[in-house]
Amino acid sequence: MIINTGRGKLINTVDLIEGLKSHKIGSAGLDVYEEETEYFFEDWSGSVVDDDVLARLTTFPNVLITSHQAFFTGEALTNIAHTTLENIRLFFEEDQLPNEVCYKCTDGDCPRKKSGKCF
């Protein structure tokens, strides 16, 4: 059994299908699919799925596919909101951006790094 809950592209889906067809892979549980944004957040029950790889994957009775929704849990949404609000508070009250992704720090042009405020 292969389980993928990380990233869709960790598994080559065409190879997974071949492994399932040849019985080298007994089953698969996928919480992610590399092209999921096209299909997993809309109701396609009355439509044709144009993705032949996804369509083939769904024909296996030993494959379970769900959309990657780890961030939709109550705990995750609470943590995202807390982090966001804390970032706003730190920026306005302490002039800090602890979660900033600074693209200029590595080339020495970051004014925040020169002031010691780039983290």
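Structure notes:
- A search for C-beta distances below 7 Å between a residue of the stretch 13-27 that is over 18 Å from residue 55 (Cβ atoms) and any residue that is part of a helix (DSSP H, G or I) and of a type in the set (Gly, Ala, Ser), counting only pairs 6+ apart in sequence or on different chains, returns 25/19.
- One residue stands out among those in the stretch 1-26 that are basic (Lys, Arg) and over 12 Å from residue 63 (Cβ atoms): the one that is modelled with the lowest pLDDT, which is 7.
- Flag if residue 64 is outside any helix (DSSP H, G or I) and either among the acidic types (Asp, Glu) or at pLDDT 90 or above (or both): yes
- Taken together, the residues in the stretch 67-95 that are modelled with pLDDT under 85 and not in a helix (DSSP H, G or I) amount to 4.
The values are calculated or read from the model by the stated rules, or taken from the named source; none is laboratory data. The structure presented is a predicted model; accordingly, all values stated were derived computationally and were not measured. Every residue, glycine as well, gets a Cβ built from its backbone with ideal geometry; the counts of neighbours run over all protein chains shown.
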